[in-house]
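Input: a single structure, listed below in structure tokens.
The values are calculated or read from the model by the stated rules, or taken from the named source; none is laboratory data. Bear in mind that the values here come from a model prediction, so they are computed numbers and not experimental data. All Cβ positions, glycine included, derive from the backbone under ideal geometry; neighbour counts span all protein chains shown.
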2 protein chains.
Amino acid sequence: MAERIIRIAIDAMGGDNAPKVLVEGAVEAVNAYDDVEIVLVGERTSVSSCLDAELGKSDASGGRGDGSERVWFDNRISLVHADETIGMDESPARAIRRKKNASVVVANRLCKSGKVSAVIAAGSTGAAMASSLLQMGRLKGVQRPAIMSVFPSKKNTICVIDVGANVDCKSEHLYQFGVMASIYMKQVLGYEKPRVGLLSIGEERKKGNELTIEAYGLFEKSDLNFIGNIEGRDVFEGIADVVVCDGFVGNVLLKFGESMFGFVTYMLKRHINGRPLRKTAALMMKPVFRDIRKDMSPENYGGAPLLGVDGISIICHGNSSARAVRNAVKVARQLVIEGVNEKIKNELSHASIKTNE
Amino acid sequence: MAERIIRIAIDAMGGDNAPKVLVEGAVEAVNAYDDVEIVLVGERTSVSSCLDAELGKSDASGGRGDGSERVWFDNRISLVHADETIGMDESPARAIRRKKNASVVVANRLCKSGKVSAVIAAGSTGAAMASSLLQMGRLKGVQRPAIMSVFPSKKNTICVIDVGANVDCKSEHLYQFGVMASIYMKQVLGYEKPRVGLLSIGEERKKGNELTIEAYGLFEKSDLNFIGNIEGRDVFEGIADVVVCDGFVGNVLLKFGESMFGFVTYMLKRHINGRPLRKTAALMMKPVFRDIRKDMSPENYGGAPLLGVDGISIICHGNSSARAVRNAVKVARQLVIEGVNEKIKNELSHASIKTNE
């Protein structure tokens, strides 16, 4: 049986170190996964010169032809030209409508037209999200696609959904976030019955705001492995594998959490304060701090999927490394292989009947 | 001119180490502040035996009389008997109505009747809040009292308001939180023009949910030193002295932040992992970790005031130490001396005219 080829588009122009790290990540990915082909979308000259440089480091072959018809790495990396980019300071909704040839827009169009199965973007989160929503559209049955972010915890890897796609939510949306993330955790991370916790301000079912109290009822009736409300302090404890909240709360939490390491570093410096013995101790601790930083890096998790769109869209940090890009490819590939979107569709058409009972 | 005496009630039965640490904190407070008198509210026998034990350590004199008429420490500590307590697992609203003689209820009643100017409680936050709201009532002009919590940051001490009193808010409530906390920061912590930031998911005025976008307009028109939206990552940066959010978001943030130290400790242990060199380094770092823990301890800030009630109510952690209780007395005393409630009333009657223009 012929192996299925999974084609993934990468917006080569987004992020702090574009196109270099995107190209490097693409090369790492084709080396890591035999069944993956990458379409790099970006400005022809700069992307192809990065690819040529990567080619010089390896023994793979570059194809022939000009511009967008050239291929690299035994035909497994190709280039689609897109000469516009969307800046971090632009209004995403306006920019993706005005700049029809922005790399992120072109990449999402490739997915819409079926030329690729997934899109990876590391530039403006807003532009990546808006572009996927507009071009891919929603999966049947999904009311609101949501961004899922993976976190470390004391127990195992957990996820928080939504971390910014939907600021004002209805209870049904939260319920759907729980369904989508549970399927992801099961299919991509191998959790048998992901424990779903509703982020609130107390354990009791009546603790919370109108939204969470209503959502509690939906979760309770569902087939999900719902463990009830969890509080802010429970996130890092890992008592829930899936932490459900609206995109406002999730975004505040995510960004607050990301600032934690910087704050701890600041506190360390402040209390080491040039004192020789403390400085020596800190130097000796460096490998520990380095390992913690590595352990907590968002790179490990390969970006945040926008779940619920009719396609696969992975949004990476603006400062992603090649390793982060490769891991995003790994996740995208897994989402395709496991047919996660198909499962979300099935589950939500099935489940919405039940919650409407 | 005779010095004004400030009478403060302490719920002696609340918290993990009651009544011992509450009594110790009371003794520390009367030693620290000449103008403070403390009324301990709690079960007669256990509180007075703790007081007698403290008396044995000092050269102050205990008064005469039985039960609630006894006084200690040169008449500066007295006892009001209250034989019920409210557990952490009870529904606060129901418990304070049913248990008329619970220590926290009696303490708040003393404030209502003018026998004390402030109440400090370290047991169930919900019971302390509900009891203050019910007995003290709201300050004129205040729509929703809110709990303010003080945080460390990279720059200076900051505060977050509301951290749990109001889960579903209107924009006007958020605006009032900003006013109340600004007055606190000015009068209690000495900030000349506290910078007020609205917690949201992006800096631009249009970024946020319906609530914050509407609140932005109110803040902008106000006399506050409003610096615009801030994000989760900006909290620890200290770019705002007052971080305003609804009580749901604030509570999640507070509890998530409080769990941070435990998570970092866990990560350290995990990466030290018994390796001898790393263990030695960690041992040498102990004084640094101890100093950081001390620096970040909520004890430093003397509990969280419930701002906007017609009285002074300070809510302390359940695990408060004597030092935390003494610091709560310090804050309560300052709130009385600076006439913070008077200033809140003036500002809000003045300000609500303006925002209704």
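Out of the strands (runs of 3 or more DSSP E) lying entirely within region B:1-94, which hold 3 or more residues that are closer than 24 Å to B:Asn319 by Cβ and at pLDDT 85 or above?
B:6-11, B:36-42
So, in region B:287-337, how many residues would count as being touching a residue at least 40 places away in the same chain (Cβ under 8 Å) and acidic (Asp, Glu)?
Result for region B:287-337: 2.
Checking B:Asp11 against (1) under 30 Å from A:Glu203 (Cα atoms); (2) more than 19 Å from the chain's Cα centre (by Cα); (3) acidic (Asp, Glu), which test does it fail?
The single condition B:Asp11 does not satisfy is (2).
Looking only at region A:35-54, which residues are loosely packed, with under 15 Cβ neighbours inside 10 Å, without any contact (Cβ under 8 Å) to a residue 60 or more places away in the chain and within 16 Å of A:Val116 (Cα to Cα)? Give the derivation first.
Filtering region A:35-54 down to residues loosely packed, with under 15 Cβ neighbours inside 10 Å leaves A:35, A:45, A:49, A:52-53.
The next check asks that each one be without any contact (Cβ under 8 Å) to a residue 60 or more places away in the chain; those that pass are A:45, A:49, A:52-53.
The answer is none; no residue qualifies.
Looking at (1) surrounded by 24 or more Cβ atoms within 10 Å (Cβ to Cβ); (2) without any contact (Cβ under 8 Å) to a residue 12 or more places away in the chain; (3) more than 7 Å from every other protein chain (Cβ to nearest Cβ); (4) of a type outside the set (Lys, Arg), which one does B:Val243 not meet, given that it meets all the others?
(2)
Would region B:303-321 turn up any residue that is away from every other protein chain (no Cβ under 14 Å) and charged (D, E, K, R)? Working first, answer last.
Going residue by residue through region B:303-321, those that are away from every other protein chain (no Cβ under 14 Å) are B:303-316, B:320-321.
Next cut, charged (D, E, K, R) only: B:310.
Yes, because at least one residue in region B:303-321 is away from every other protein chain (no Cβ under 14 Å) and charged (D, E, K, R).
From the set of residues in region A:263-276 that are without any contact (Cβ under 8 Å) to a residue 12 or more places away in the chain and within 7 Å of chain B (Cβ to nearest Cβ), which is surrounded by the fewest Cβ atoms within 10 Å (Cβ to Cβ)?
A:Tyr266
Of the conditions (1) touching a helix residue (DSSP H, G or I) at 6+ places or on another chain (Cβ under 9 Å); (2) more than 9 Å from chain B (Cβ to nearest Cβ); (3) buried (at least 17 other Cβ atoms within 10 Å of the Cβ), A:Asn209 clears all except one; give me its number.
(2)
Is at least one residue of region A:59-67 of a type outside the set (A, V, I, L, M, F, W, C), touching a residue at least 12 places away in the same chain (Cβ under 8 Å) and under 30 Å from B:Ile201 (Cα atoms)?
No, every residue in region A:59-67 fails to be of a type outside the set (A, V, I, L, M, F, W, C), touching a residue at least 12 places away in the same chain (Cβ under 8 Å) and under 30 Å from B:Ile201 (Cα atoms).
Can you tell me which of B:Ser132, B:Ser91, B:Ser113 is surrounded by 21 or more Cβ atoms within 10 Å (Cβ to Cβ) and of a type in the set (Ser, Thr, Tyr)?
Answer to the check: B:Ser132.
State whether the residues of region B:324-339 include one that is acidic (Asp, Glu), within 8 Å of another protein chain (Cβ to nearest Cβ) and surrounded by fewer than 23 Cβ atoms within 10 Å (Cβ to Cβ).
Checked against the condition, which is being acidic (Asp, Glu), within 8 Å of another protein chain (Cβ to nearest Cβ) and surrounded by fewer than 23 Cβ atoms within 10 Å (Cβ to Cβ), region B:324-339 yields no hits at all.
Is it fair to say B:Val116 is under 30 Å from B:Leu40 (Cα atoms), away from chain A (no Cβ under 13 Å), of a type in the set (Val, Ile, Thr) and touching a helix residue (DSSP H, G or I) at 6+ places or on another chain (Cβ under 6 Å)?
So B:Val116 passes the test.
Assess whether A:Phe226 counts as being within 19 Å of A:Asn156 (Cα to Cα), at the interface with chain B (Cβ under 8 Å from one of its Cβ atoms), modelled with pLDDT of 95 or more and in contact with a Phe, Trp or Tyr (Cβ under 6 Å, 6 or more places away or on another chain).
For A:Phe226, the condition - within 19 Å of A:Asn156 (Cα to Cα), at the interface with chain B (Cβ under 8 Å from one of its Cβ atoms), modelled with pLDDT of 95 or more and in contact with a Phe, Trp or Tyr (Cβ under 6 Å, 6 or more places away or on another chain) - is not met.
Looking only at region A:95-110, which residues are assigned to a helix (DSSP H, G or I), among the aliphatic types (A, V, I, L, M) and either touching a His at 6+ places or on another chain (Cβ under 7 Å) or surrounded by 24 or more Cβ atoms within 10 Å (Cβ to Cβ) (or both)? It would help to see each step written out before you state the result.
Taking region A:95-110 and keeping what is assigned to a helix (DSSP H, G or I), we get A:95-98, A:103-110.
Then keep just the ones that are among the aliphatic types (A, V, I, L, M); that gives A:95-96, A:104-107, A:110.
A:Ile96, A:Val104, A:Val105, A:Val106, A:Ala107, listed by residue number.
Examine region A:169-192 for a residue that is charged (D, E, K, R) and buried (at least 24 other Cβ atoms within 10 Å of the Cβ), and state whether such a residue exists.
Looking for residues that are charged (D, E, K, R) and buried (at least 24 other Cβ atoms within 10 Å of the Cβ), one finds none in region A:169-192, hence no.
So if I check each of A:Ala107, A:Ala181, which one is farther than 22 Å from B:Glu231 by Cα, at pLDDT 95 or above and assigned by TED's automatic domain parsing to the domain that holds A:Ser91?
Matching residue, one of A:Ala107, A:Ala181: A:Ala107.
Restricting to region A:294-318, give me the number of residues that are outside any loop (DSSP other than H, G, I, E, B) and surrounded by 13 or more Cβ atoms within 10 Å (Cβ to Cβ). Before you say what the answer is, go through the steps one by one.
Step one: of region A:294-318, the residues outside any loop (DSSP other than H, G, I, E, B) are A:294-296, A:298-301, A:304-307, A:309, A:312-315.
Okay, now just the ones that are also surrounded by 13 or more Cβ atoms within 10 Å (Cβ to Cβ), so A:296, A:298-301, A:304-307, A:309, A:312-315.
So the answer is 14.
Inside region B:277-293, can you point out the residues that are surrounded by 13 or more Cβ atoms within 10 Å (Cβ to Cβ) and within 9 Å of chain A (Cβ to nearest Cβ)?
If the condition is that a residue be surrounded by 13 or more Cβ atoms within 10 Å (Cβ to Cβ) and within 9 Å of chain A (Cβ to nearest Cβ), then B:Arg278, B:Thr280, B:Ala281, B:Ala282, B:Met284, B:Met285, B:Pro287, B:Val288, B:Phe289, B:Asp291, B:Ile292 are the ones that fit.
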